[in-house]
Amino acid sequence: MSDYLVIVESPSKAKTIEKYLGKKYKVVASMGHVRDLPKSQMGIEVKNNFTPKYITIRGKGPVLKDLKSAAKKAKKVYLAADPDREGEAIAWHLANTLNVDVESDCRVVFNEITKDAIKESFKYPRAINMDLVDAQQARRILDRLVGYNISPLLWKKVKKGLSAGRVQSVAVRLIIEREREIQSFEPEEFWTIKTEFVKGKDTFEASFYGVDGEKVQLTNEAQVNEIIEKMKDNAFSVENVTRKERKRNPALPFTTSSLQQEAARKLNMRAKKTMMLAQQLYEGIDLGKQGTVGLITYMRTDSTRISETAQTEARDYITEAFGAEYIGTEKKKETKKSKAQDAHEAIRPTSVMRKPEELKSFLSRDQLRLYKLIWERFVASQMASAIMDTVTARLINNNVQFRASGSVVKFPGFMKVYVESKDDGAEEKDKMLPPLEVGETVFSKDIEPKQHYTQPPPRYTEARLVRTLEELGIGRPSTYVPTLETIQKRGYVALDNKRFVPTELGGIVIELILEFFPEIINIEFTANMEQSLDEVEEGNANWVKIVDDFYVGFEPRLEKAEKEMREVEIKDEPAGEDCELCSHPMVFKMGKYGKFMACSNFPECRNTKPIVKEIGVTCPKCDKGQIIERRSNKKKRLFYGCGTYPECDFVSWDKPIGRKCPKCEGMLVEKKLKKGVQVQCISCDYEEEQQM
């Protein structure tokens, strides 16, 4: 019989830890939370200092029965839930249910699931941290006060199944405000002039800068023609050459939000999938003879801090793999966080000696891709800065100035391992200039004026929305994914080409919340509330006072809304055709992946149809049918097919544009890139300049 009982959240975590602790320890799983507020009532005694009334979660009765039985047989119970607010709350609920003294040394925490980390953590058990528990309780109670009171109002006035929440409502507001910016945006014309220059056998590119030493913005074609006419011939004098050495510093190791953002950009992963894979890597992977090992540290963290042990191991690896000159000497600028938020480490590999290529046979494809990303980012963060040599040359012809710039990597530093991606997809590339000396002459070859228009701000992707919420101080690592899931599930927003678009329903709900509960949707208010919860976690604030201060202003607004909130009828837009199954009119509906057609006789008739959208291009294969935009059933990804299918089986992931390649007469398509679209030929290397 085991002397000690250890309780964790998940079976996979239990399996890994039990192997490290030996026969005297029995490790079991609680399967997450065991108690929560009831679903059938608010479960908060407002007049009794907001005392929560917890009940056993439905289905957890047998789990608790087994835990109680095991606890009675054990000499001691250790509670080893995750090292954050939620984990501390789970431990506290378990302690109360199993009659474990919360002030005894019953709590064990660790940031990584490795043999050394687990054994070390059991040397220093502690009491349950009630400040952490109170911070979690305060968040849960605030969310219940908001959700349980506003949601029924929305059901009654708008539509059943709706919800409101502090973080989700702000997220929807951001998406709506961005859409308004886009709709009201008026593009402005501007021009650029690029010229290819020749010096001996070398060619290089320069762009128009200005006239008479002053920078000039080109806003119309007449202005461009005037500049071109001003240039006397194709001979330019090199007026100035500037050489500089520039440092490029590595990115800090991952936090939860930066991992979600980079996984979206580099791996095309959604936030939910990223966190699911990270959880698997954290809880343990079977590495054959090595046994089950946690490969990364805890994945819900706001911290960029790294332990001294991990730093030392990384430095040793870098010295061996690349040389001592690649070790980072610069002091890393960690992100400023509260003590509460900085309790953990950054997300890193538990050992840099477990190189990604050595784990291929033990990991799934996506697990390996994510582990490789985390491993490379961490190693790079401990490496020396890259050094770039940059050269800028100013070229002049009759006081018309062009500028050429080039850069080359002098010392790669961290770039040997990893380079952080950018939202716009623009990556720095080496672009060298030939040797240029002041006073010498170079000759322009082709002058290329081009018209452009300013672009509206882009819609939010998951990654960009998470980054914005984090920058505004809204939400925490554990809330990002649930927030993204909820706003889509409720139908407030939809994803269109991986970017959020607000629905009519989302606009109506936010308008009502803004009218009656402005503080719920106020960005500054929501951010300040997050700071207040951090202060509770640090032991510097009383959770009851924070909740009470909120409720004092919330209660009268709730009473007013119950009396004055108007009913809103959302009418479905007619689709202009009848259902082929029951003859009732078809209407347009908005789903998780955008618009579709559904029968208005729902739920009696559940007929749905995708919206058939012709793009105005004749099929390049049969030359008869029209190309139709469709959405795949599995991944909900847009593709293009012939409208005469199955007679013609033409299909393409990329949008045909109806023109033939001038080089080989192949089909031209619009290829979606990270930054805009580019017209490319599917048969040869022909491509046109990328469009924003």
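The values are calculated or read from the model by the stated rules, or taken from the named source; none is laboratory data. Remember, predicted model here, so these are calculated numbers, not experimental data. We place every Cβ from the backbone using ideal geometry, glycine too, and count neighbours over all the protein chains shown.
Within the group GLU262, GLU245, GLU226, which residue is within 30 Å of PHE500 (Cα to Cα) and not in a loop (DSSP other than H, G, I, E, B)?
It is GLU262.
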Is it the case, given these coordinates, that GLU524 is part of a helix (DSSP H, G or I), exposed (fewer than 14 other Cβ atoms within 10 Å of the Cβ), out of contact with any Cys (no Cβ under 6 Å at 6 or more places or on another chain) and assigned by TED's automatic domain parsing to the domain that holds ALA164?
yes
Scan of the stretch 452-490 for residues that are touching a strand residue (DSSP E or B) at 6+ places or on another chain (Cβ under 6 Å) and not hydroxyl-bearing (Ser, Thr, Tyr), ordered by number:
HIS452, ARG459, ILE487
Condition first: over 30 Å from ARG490 (Cβ atoms), within 30 Å of the chain's Cα centre (by Cα) and in a loop (DSSP other than H, G, I, E, B). Can you find one or more residues in the stretch 654-667 that meet it?
yes
Among the residues of the stretch 668-692, the number that are modelled with pLDDT of 85 or more, assigned to a loop (DSSP other than H, G, I, E, B) and basic (Lys, Arg) is 0
Among the candidates LYS244, LYS289, LYS230, single out the residue that is charged (D, E, K, R) and either without any contact (Cβ under 8 Å) to a residue 24 or more places away in the chain or touching a helix residue (DSSP H, G or I) at 6+ places or on another chain (Cβ under 8 Å) (or both).
LYS289
Across the stretch 448-464, what is the number of residues that are surrounded by fewer than 16 Cβ atoms within 10 Å (Cβ to Cβ) and not in a loop (DSSP other than H, G, I, E, B)?
5
Hey, can you tell me all the residues within the stretch 425-444 that are modelled with pLDDT of 90 or more and assigned to a strand (DSSP E or B)?
THR441, VAL442, PHE443, SER444
When the residues of the stretch 145-188 are narrowed to those that are at pLDDT below 95 and touching a strand residue (DSSP E or B) at 6+ places or on another chain (Cβ under 9 Å), which ends up farthest from TYR209 (Cα to Cα)?
TYR148
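Quick grid of which residues meet (1) at pLDDT below 90; (2) surrounded by fewer than 19 Cβ atoms within 10 Å (Cβ to Cβ); (3) outside any loop (DSSP other than H, G, I, E, B):
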residue	(1), (2), (3)
VAL466	no, no, yes
PRO477	yes, no, no
LEU484	no, no, yes
ILE487	no, no, yes
PHE500	no, no, yes
GLY506	no, no, yes
ILE510	no, no, yes
GLU519	no, yes, no
Starting from residues that are part of a helix (DSSP H, G or I) and touching a residue at least 12 places away in the same chain (Cβ under 8 Å), keep the ones in the stretch 292-313 and report whichever is surrounded by the most Cβ atoms within 10 Å (Cβ to Cβ).
ALA310
Only unsatisfied item for LYS115, checking (1) farther than 29 Å from SER532 by Cβ; (2) exposed (fewer than 14 other Cβ atoms within 10 Å of the Cβ); (3) among the basic types (Lys, Arg), is (2)
If you take the residues in the stretch 177-192 that are among the acidic types (Asp, Glu) and part of a helix (DSSP H, G or I), which one is nearest to THR503 (Cα to Cα)?
GLU179
I'd like the residue in the stretch 610-622 that is modelled with pLDDT of 85 or more and of a type outside the set (Val, Ile, Thr) and, out of all such residues, is surrounded by the fewest Cβ atoms within 10 Å (Cβ to Cβ).
CYS622
Please go through the stretch 92-106 and pick out each residue that is within 14 Å of LEU67 (Cα to Cα) and crowded, with 20+ Cβ neighbours inside 10 Å.
HIS93, LEU94, ALA95, LEU98, VAL100
Can you name the number of the only condition in (1) more than 27 Å from the chain's Cα centre (by Cα); (2) under 22 Å from ASN542 (Cβ atoms); (3) among the charged types (D, E, K, R) that ARG139 fails?
(1)
Number of the condition not met by THR255 [criteria: (1) surrounded by 20 or more Cβ atoms within 10 Å (Cβ to Cβ); (2) in contact with a Leu (Cβ under 8 Å, 6 or more places away or on another chain); (3) of a type outside the set (D, E, K, R)]
(2)
Considering LYS272, LYS289, which residue is charged (D, E, K, R), closer than 25 Å to GLU530 by Cβ, assigned to a helix (DSSP H, G or I) and not assigned by TED's automatic domain parsing to the domain that holds TYR418?
LYS272
